[in-house]
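Asks: Dumping the structure here so I can ask a few things about it.
The values are calculated or read from the model by the stated rules, or taken from the named source; none is laboratory data. None of these values were measured; they are calculated from a predicted model. Here the Cβ positions follow ideal geometry from the backbone for every residue, glycine too, while neighbour counts run over all protein chains shown.
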Amino acid sequence: MFSFALSLDPGARSPMYEQLYAAVAGAIREGSLAAGEKLPSKRELCARLGVSRATVETAYGLLTAEGYVEARPRSGFYVADYQLTEAGTQGTATQGRVLCVAETQRTLPCVSGEELFSTSAVDVSLFPYASWAKLYKEVVYNSPELLQRGDPRGEAPLRRALARLLSEYRAVRCGPEQIVVGSGLETLLGQLITLFGRDAVYAMEDPGYPAVERSLLARGREIRYVPMDAAGMDAEALEAGGAQVAYLTPSHQFPLGIAMPASRRSRLLRWAAAGERWIIEDDYDSEFRYGGRPISSMQGMDRAQRVVYTGTFSRSLAPAIRLAYMVLPPALAERWQALYGGQQPTVSRYEQTVMARFLEEGFYSRYIRRVGKRYADRRAALLAALGQIEGLQVSGAEGGIHFLLRLPRYEEAELLRRAAAAGLPLRGLSDFCRRCPPPPSTLVLGYGGLPTERVAEAAARLKAAWA
């Protein structure tokens, strides 16, 4: 029975569907709504709250997408099996302030066939060159003190801006003192590996991100390859594997594209809280989601302080901007300070200060909206064009800038051979599998660097190759 009171404020800053979503999700996390409990029908809730059907449908849609609620055909909506050792919190996304600055859109340089479907390419044609250059010039001319040594954790204004950004858009709970800025995720991952000690065993998603595997193996660390299921990393396999650190990409898993639901996140958080274990949350491609707002971070759900949250601007802005960050739980922040507190920062103080202003003055939020719209349009055009290939199946396309495609009439090797013969080298899913056998006839397609005007041409070449 639906047993808690609801009160929505039409005059609040957040829309009523977000208020309804937050109230129900919070009640589930706190245990006020138990697993299996039936929620009111859409019509009943509309009448009770005096809101439109669209408000209730949107809220229920978000709750279902994030795994708090399950829809049962011809029966209604029920609370999913969601448990936490302590109640977490999740924020709602709101829009940041935007300063209007004239930018000149640039065309992408000529892209070779090898790069058209690369999973590492991004679209830099919308990059706000004028704004970035203006800020950089002002910082260089007006801040001579930045030539001196800086805080090894990163510039204080940048860490404050990151804390605000992550709280607002990803529901991350932290203070600036917990944030460390570094020159790429590889640099920060190397520091984390040292913090966790020589004997730590690491669990990795299989299939998963090869660069992380290389970093671990280069440092002689032991890896447990954990299979994936429809909700993400297999919880039972993780629990039985004996690892102390789990590396996850829960927002848009690479390469499968899975968005981990709240129920699986809560189970993995319980695994970490039950012992001296840690989760590294790589918030890969969380900026881009099509249909519904981004799912909040695992770190924001974690009350036991066992999650290290990591992110980078390489995917959202440009690969050449080697600026990444991690949010450390207080115990690890103290350990980091003891080991690295006397070192020089690994990112130029000028670049950090420019990025701080880029965030604070609204340029970043404006850019993400523009490039996100570009990716959404390109994704729609590409899916429509690929839909002309008979028998083609697509998955993992709900977020990010890559997805999987499967064409059962050919084996993976034959799909790759025919595409390469057509001048379009691709990558098979097997490239990212270690212990688990890959699904058959499956490829990984990125579209971040695919010019929109070449979508039809590239799809036609694939159609001809696989005819």
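Asks: Mind checking which residues of region 371-391 are within 27 Å of the chain's Cα centre (by Cα) and touching a residue at least 24 places away in the same chain (Cβ under 8 Å)?
Replies: Val371, Gly372, Arg374, Tyr375, Ala376, Asp377, Arg378, Arg379, Ala381, Leu382, Ala385, Leu386
Asks: Collect the residues in region 115-138 that are out of contact with any Asp or Glu (no Cβ under 6 Å at 6 or more places or on another chain), closer than 16 Å to Ala356 by Cα and surrounded by 19 or more Cβ atoms within 10 Å (Cβ to Cβ), keeping them in residue-number order.
Replies: Residues satisfying the conditions are Ser131, Trp132, Leu135.
Asks: How about region 46-67: which of its residues are touching a residue at least 24 places away in the same chain (Cβ under 8 Å), over 29 Å from the mean Cα position of the chain (by Cα) and in a helix (DSSP H, G or I)? Let's see the steps before the verdict.
Replies: Restricting attention to region 46-67, the residues satisfying the condition of being touching a residue at least 24 places away in the same chain (Cβ under 8 Å) are 48-49, 51, 54-56, 58-59, 61-63, 65-67.
From what is left, the residues that are over 29 Å from the mean Cα position of the chain (by Cα) are 48-49, 51.
Residues satisfying the conditions are Arg48, Leu49.
Rundown of residues vs (1) modelled with pLDDT of 95 or more; (2) out of contact with any Cys (no Cβ under 9 Å at 6 or more places or on another chain), yes/no style:
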site	(1), (2)
Leu328	yes, no
Glu334	yes, yes
Val347	no, yes
Phe363	no, yes
Tyr367	no, yes
Gly387	no, yes
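Asks: Does Gly208 satisfy being on the phi > 0 side of the Ramachandran plot and not in a helix (DSSP H, G or I)?
Replies: Spelling it out, it is not the case that Gly208 is on the phi > 0 side of the Ramachandran plot and not in a helix (DSSP H, G or I).
Asks: Which of (1) outside any helix (DSSP H, G or I); (2) within 30 Å of Gly150 (Cβ to Cβ) is the odd one out, the single condition Ala338 does not satisfy?
Replies: Condition not satisfied by Ala338: (1).
Asks: In region 428-446, is there at least one residue being surrounded by fewer than 19 Cβ atoms within 10 Å (Cβ to Cβ), of a type in the set (Lys, Arg), out of contact with any His (no Cβ under 6 Å at 6 or more places or on another chain) and under 19 Å from Tyr375 (Cβ atoms)?
Replies: No.
One line per residue, one yes/no per condition, for (1) modelled with pLDDT of 55 or more; (2) under 30 Å from Arg379 (Cβ atoms); (3) more than 22 Å from the chain's Cα centre (by Cα); (4) among the charged types (D, E, K, R):
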residue	(1), (2), (3), (4)
Ala102	no, yes, yes, no
Glu114	yes, yes, yes, yes
Val124	yes, yes, no, no
Asn142	yes, no, yes, no
Arg160	yes, no, no, yes
Ser167	yes, yes, no, no
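Asks: From the residues in region 139-181 that are part of a helix (DSSP H, G or I) and acidic (Asp, Glu), which one is surrounded by the most Cβ atoms within 10 Å (Cβ to Cβ)?
Replies: Glu168
Asks: Scan region 1-39 residue by residue and report those that are buried (at least 17 other Cβ atoms within 10 Å of the Cβ), closer than 20 Å to Ala80 by Cα and touching a helix residue (DSSP H, G or I) at 6+ places or on another chain (Cβ under 7 Å).
Replies: Tyr17, Leu20, Tyr21, Val24, Ala25, Leu33
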